[in-house]
Amino acid sequence: MSLIEVKNLTKTYKIIKKEDGLMGYFKNLIRPKYEEFKAVKNINFNIEEGELVGYIGENGAGKSTTIKMLTGLLTPTSGEIIIDGIIPYEKRIENNKKIGAVFGQKTQLWWDLPVIESFRLIKKMYKIPEGEYRKNLKNFTELLQLEDLLEKQVKNLSLGQKMRCEIAATFLHIPKIVYLDEPTIGLDVLVKENIRKFIKDINKEKKTTVILTTHDLKDIEDVCDRIILLDKGQIIYDYGKIEDIHMKEAELEDILKEIYRGAKIC
Ligand SMILES: Nc1ncnc2c1ncn2[C@@H]1O[C@H](COP(=O)(O)OP(=O)(O)OP(=O)(O)O)[C@@H](O)[C@H]1O
Ligand SMILES: [Mg+2]
């Protein structure tokens, strides 16, 4: 049994059917008509413990929708997800204990509190033993250079500073699986490198499974050892272990560029 098993997964959103003109606009306000939109279409994949998976595709491909279903935030329309033996959207609390998640620029830290207080709250929420908390905090402070940030209020941090704290908070309870939905968006080159190195180090040390969505090809090349390509809600390629198939970086880049031009490759 794999750590993550996804079978025939589909997500359909109900959206308001647009009607033309001003009259259409008012009609929509009073009595909206709905239509269905399939954001994720019958996808299948398995992920093993310790894998670093890049889940990629152009805007609107269905990446965040998939991640939200994997984290239990959304319920699939059909299909099955089993993560470490449980169905995430049925047992959200049990699932939450085992995972960490970063969603773009949304923060899980307490806005008005100093960073260290957010970390202490996370320690309490996840019941992290004192010794383990201290060890992880020391380690993460060094790796992500948080020393000068811990006493600052979250609302006063820059984007890159906040993301480094966010990443530390996500890994603090040493989750089995971490979902990172565009963790490097808008960050400068040095912060990006810092975060990539951190993810790789923790994965190596703790065998944390990481699923990463990104539009940054360097994230994929540097961090991921497997990529799954999504196009209009369907998986069009699952590369398995990149190193297994001896894919050259340039070759991978060509394929990704082709995908981002909207072309199918299989
Ligand atoms: N709550 C929603 N209601 C209706 N449609 C939605 C909803 N959320 C997403 N969608 C649609 O589903 C499709 C997939 O969206 P999703 O956010 O999963 O894409 P994505 O691959 O994460 O894109 P991006 O790279 O821009 O983050 C898009 O066409 C989007 O408009
Ligand atoms: Mg997204």
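Can you send over the solvent-accessible area of Tyr13, 1.4 Å probe, protein chains only, in Å² to the nearest 10?
70 Å²
At a 1.4 Å probe radius, which order do Lys11, Lys155 fall into by accessible area, largest first?
Values: Lys11 25, Lys155 90 Å².
Correct descending sequence by accessible area is Lys155, Lys11.
Karplus couplings for the range 203-208 from phi (6.51 cos²θ - 1.76 cosθ + 1.60, θ = phi - 60°), rounded to Hz, Gly and Pro as x?
4, 5, 6, 10, 6, 5
Residue by residue through the range 214-227, which ³J(HN,Hα) values in whole Hz follow from phi under the Karplus form 6.51 cos²θ - 1.76 cosθ + 1.60 (θ = phi - 60°), with glycine and proline marked x?
Values per residue, Gly and Pro as x: 6, 10, 9, 4, 5, 4, 5, 4, 7, 9, 7, 10, 8, 10 Hz.
How large is the accessible surface per residue of the range 74-127, computed with a 1.4 Å probe and reported in Å² as a whole number? Write out the running numbers ahead of the final one.
Working: 3160 Å² over 54 residues.
That works out to 59 Å² for each residue.
Asp201: accessible area at probe 1.4 Å, nearest 10 Å²?
Its heavy atoms expose roughly 50 Å² to the probe.
Would you please give the residues with an amide H less than 5 Å from that of Leu230, counting only those at least 5 places away or on a separate chain, with H modeled from the backbone geometry?
The answer is Ile56, Gly57, Ile236.
5 Å is the cut-off here: which amide hydrogens, built 1.01 Å from N in the peptide plane, fall below it relative to Thr213, excluding neighbours closer than 5 in sequence?
It is Tyr55, Leu180, Asp181, Glu182, by chain and number.
Which of the residue pairs Lys11/Lys204; Lys124/Lys162; Lys27/Lys68; Lys11/Lys33; Lys162/Lys232 have a Cα-Cα distance greater than 23 Å in the structure shown?
With Cα atoms farther than 23 Å apart: Lys11/Lys204; Lys27/Lys68; Lys162/Lys232.
If we count every other residue with Cβ under 13 angstrom of Thr213's Cβ, Lys/Arg +1 and Asp/Glu -1, where does the sum land?
Numbers: positive: Lys63, Lys68; negative: Glu58, Asp181, Glu182, Asp216, Asp219.
After counting each charged neighbour, the total is -3.
Using a/c under 1.5 as the rounded threshold, could you call the range 91-142 rounded, prolate or oblate? The axes a ≥ b ≥ c are square roots of the C-alpha gyration tensor eigenvalues, and prolate needs a/b larger than b/c, oblate otherwise.
Details: a/c = 1.65, a/b = 1.11, b/c = 1.48.
Oblate shape, in that a/c is at least 1.5 and b/c is the bigger or equal ratio.
To the nearest 20 debye, what charge dipole does the chain have about its Cα centre, counting +1 at the Cβ of each Lys and Arg and -1 at the Cβ of each Asp and Glu? Walk me through the numbers on the way to the answer.
Working: 44 positive and 42 negative charges, 238 e Å.
About 1140 debye.
Using θ = phi - 60° and the Karplus relation 6.51 cos²θ - 1.76 cosθ + 1.60, list the HN-Hα couplings for the range 40-52 in order, rounded to whole Hz, with x at every Gly or Pro.
The phi angles translate into 10, 10, 6, 9, 9, 6, 10, 10, 9, 4, x, 6, 10 Hz.
What fraction of the DSSP beta bridges in the chain is antiparallel, stated in percent and rounded to the nearest 5? Please report the intermediate quantities before stating the final value.
Numbers: 22 of 39 bridges.
The antiparallel fraction comes to roughly 55 percent.
Can you give me the relative contact order of the range 111-228 as a percent, contacts being Cα pairs under 8 Å and 6 or more apart? Show your work: numbers first, answer last.
On the way: 114 pairs, mean separation 30.9, N = 118.
Contact order relative to length: 26 percent.
What order do Ile16, Ile43 take when sorted by accessible area (1.4 Å probe), most exposed first?
On the way: Ile16 85, Ile43 0 Å².
The ordering from most to least exposed comes out as Ile16, Ile43.
Of the peptides 206-214, 93-101, how do they stack up when ordered by the mean number of other Cβ atoms within 10 Å, highest first?
Details: 206-214: 21.4, 93-101: 17.3.
Per-residue Cβ counts within 10 Å, averaged per peptide and sorted highest first, yield 206-214, 93-101.
Between beta-carbons, use under 12 Å as the cut-off and find the net charge around Lys18, counting Lys and Arg +1, Asp and Glu -1.
On the way: positive: Lys17, Lys27, Lys33; negative: Glu19, Asp20, Glu35.
Local charge sum for Lys18: 0.
Percent relative contact order of the chain, based on C-alpha pairs within less than 8 angstrom and at least six residues apart?
Working: 465 pairs, mean separation 64.9, N = 266.
The normalised contact order for the chain reaches 24 percent.
The values are calculated or read from the model by the stated rules, or taken from the named source; none is laboratory data. On a predicted model such as this, the values are computed, not experimentally measured, just so you know. Don't worry about glycine lacking a Cβ; one is built from the backbone with ideal geometry, like all the others, and counts go over all protein chains shown. Protein only, heavy atoms only, side chains kept; ligands, DNA and RNA dropped before computing areas. Shrake-Rupley method; radii C 1.70, N 1.55, O 1.52, S 1.80 Å.
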